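Asker: There's a structure below that I have some questions on.
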Amino acid sequence: MDWSQDLGGIKLGMRRESEAPEDIVLEFDIQDRALLKDKPVLKIDVVTQRLEEKWQGLIFKGGNKATKTIFKGTLPIDTPRQTFEIKNQPFYDFKGKEIESFCIAKLSHAGATGEQRVPNALPYPVSNLNDATGIVDPKDTFDSSANFARLTKQTRINTYLLQLLLAGLAAWTLHWGISGEIWEWGGGKSKGDPVMLWIFALVLMVGGIYKVRQKALSKYISIDKSKTSRLKLEPGKTYSLAEVMDGEVEIDIEDALFRIVCCNRERYQYLMTQSRSRDWISMHRDFNGHVIYERKVSRIAAGSRLADYLPKQHDISFDVMFRNLYPQALVSKNYGVSIYWEIQVIHDELVDLEIPIAGIDRDWPFEHFA
């Protein structure tokens with residue numbers, strides 16, 4: 001355990017006990033004996049922020065970080081060396097490629113105030129900051145024409161009808177604009193605005209024709225994502241692939257690879273500037289990726305339940321995730337380190353599918369990763 005610098009007559013240290021790793025044990029060493037009667041007030045904040053060289057904004061810089069208070073109160077000091085516990089706190093010191101997290105202690109007494117960082121390291125080594133994009137988002141190689149041709153007749157008809165509707169709207173909008181109506185709509189300084197809206201509408205419609213077809217390619221399986229989302233993962237427990245996912249199969253599928261992967265995410269905000277607007281948007285960087293499970297299924301029949309053709313043996317263990325990932329520690333939904341895992345369905349001819357499970361939507365007990 002490392003100690004903080006002097007904090008107005010007191011030094012602080014943080015550690016975790018193996019019996020209760022989710023709790024922070026705060027230890028303080030009194031350097032100034034006068035504090036034994038002053039009843040100082042201690043406040044401990046956890047801060048997660050973008051790395052300082054990546055901060056954005058000249059005036060409104062608040063979007064670059066988030067802060068959470070995990071303790072505030074009078075220190076129960078009656079001897080020069082004491083400890084007390086701050087229950088169920090997953091936070092720890094971290095420095096990644098986009099963010100850093102640390103603890104700040106503020107001590108107030110007799111009109112004086114001191115502030116220092118308090119070292120709060122994980123009690124075990126985890127140091128993999130490598131990019132996980134290749135694992136979480138592998139390159140999807142598929143044959144668009146063959147994929148679409150294998151879809152059910154009704155799916156193809158519905159896709160054609162929706163594309164035809166969008167094409168008709170685009171043709172009407174194009175004719176309406178070039179016929180001169182657009183040039184008479186509005187005037188003065190705002191005359192250019194209708195023209196830009198017209199162009200924007202055309203781009204949306206033409207892009208929509210492409211998007212409709214691309215979205216249809218994934219309809220060879222109607223996946224029941226709620227089954228995967230309800231799954232409660234625990235270390236030391238095993239699962240079958242039929243237990244973790246299900247759905248309705250629309251076409252015959254041969255040699256599909258089912259894969260489960262996991263990673264950590266650095267969560268932060270990015271200042272997006274567009275025209276006259278400036279908005280902080282949520283971003284993340286995937287790192288520390290691991291493959292949990294891989295299994296190729298030789299054949300799945302059209303019109304069947306997916307789970308009926310998936311392996312039933314309990315050979316999936318998430319211990320790789322619990323053993324290798326950083327614990328989830330979110331100061332807010334926008335800042336911190338989170339857990340992420342997903343199921344991937346990978347096929348050489350068909351577009352790949354995924355079931356994403358974001359850690360920010362659930363609690364991940366710290367002790368599962370200790």
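The values are calculated or read from the model by the stated rules, or taken from the named source; none is laboratory data. Model, not experiment: these values are computed from the prediction. All Cβ positions, glycine included, derive from the backbone under ideal geometry; neighbour counts span all protein chains shown.
Asker: Just to be sure I understand the filter: pairs with C-beta atoms under 6 Å, separated by 6 or more residues or on different chains, first member in the stretch 357-370 and in a helix (DSSP H, G or I), second member among the β-branched types (Val, Ile, Thr). Which pairs pass?
Answerer: Taking only residues 6 or more apart or on different chains, the pairs are 359/339.
Asker: For the stretch 68-80, state whether one or more residues are touching a Ser or Thr at 6+ places or on another chain (Cβ under 8 Å) and not in a loop (DSSP other than H, G, I, E, B). Show your work before the answer.
Answerer: Here is the first cut: in the stretch 68-80, the ones touching a Ser or Thr at 6+ places or on another chain (Cβ under 8 Å) are 68.
Checking the rest, the ones that are also not in a loop (DSSP other than H, G, I, E, B) come to 68.
Yes, there is a match, as at least one residue in the stretch 68-80 is touching a Ser or Thr at 6+ places or on another chain (Cβ under 8 Å) and not in a loop (DSSP other than H, G, I, E, B).
Asker: Filter the stretch 273-303 for residues that are among the polar types (S, T, N, Q) and not in a strand (DSSP E or B) and give the result.
Answerer: Step one: filter the stretch 273-303 for residues among the polar types (S, T, N, Q), giving 273-275, 277, 282, 288, 298.
Passing the criteria: only 275.
Asker: Of the residues 349, 354, only one is charged (D, E, K, R), assigned by TED's automatic domain parsing to the domain that holds residue 285 and within 22 Å of residue 130 (Cβ to Cβ); which? Spell out how you get there, then give the answer.
Answerer: Details: 349 fails: within 22 Å of residue 130 (Cβ to Cβ).
None of the others qualify; the one that does is 354.
Asker: Looking only at the stretch 31-44, which residues are crowded, with 19+ Cβ neighbours inside 10 Å and touching a Ser or Thr at 6+ places or on another chain (Cβ under 9 Å)?
Answerer: Hits for the stretch 31-44 are 40, 42, 44.
Asker: Okay, moving on. Just need a number here: residues in the stretch 253-307 that are over 30 Å from residue 55 (Cβ atoms) and without any contact (Cβ under 8 Å) to a residue 40 or more places away in the chain.
Answerer: Qualifying residue count, the stretch 253-307: 1.
Asker: I'd like to check something: does the stretch 255-270 contain any residue that is acidic (Asp, Glu), in the same structural domain as residue 333 (by TED's automatic domain parsing), in a strand (DSSP E or B) and on the phi < 0 side of the Ramachandran plot?
Answerer: yes
Asker: Right, next: Could you tell me which residue of the stretch 4-24 is surrounded by the fewest Cβ atoms within 10 Å (Cβ to Cβ), considering only residues that are outside any loop (DSSP other than H, G, I, E, B) and over 27 Å from the mean Cα position of the chain (by Cα)?
Answerer: Residue satisfying both the conditions and the ranking: 17.
Asker: Of 27, 52, which residue is farther than 14 Å from residue 331 by Cα, at pLDDT 85 or above, surrounded by 13 or more Cβ atoms within 10 Å (Cβ to Cβ) and out of contact with any Asp or Glu (no Cβ under 7 Å at 6 or more places or on another chain)?
Answerer: So the residue among 27, 52 that is farther than 14 Å from residue 331 by Cα, at pLDDT 85 or above, surrounded by 13 or more Cβ atoms within 10 Å (Cβ to Cβ) and out of contact with any Asp or Glu (no Cβ under 7 Å at 6 or more places or on another chain) is 27.
Asker: For residue 337, are the conditions met, namely being part of a strand (DSSP E or B), β-branched (Val, Ile, Thr) and out of contact with any Cys (no Cβ under 8 Å at 6 or more places or on another chain)?
Answerer: Spelling it out, residue 337 is indeed part of a strand (DSSP E or B), β-branched (Val, Ile, Thr) and out of contact with any Cys (no Cβ under 8 Å at 6 or more places or on another chain).
Asker: The conditions are (1) in a helix (DSSP H, G or I); (2) under 21 Å from residue 96 (Cβ atoms), and residue 307 fails exactly one of them. Which is it?
Answerer: (2)
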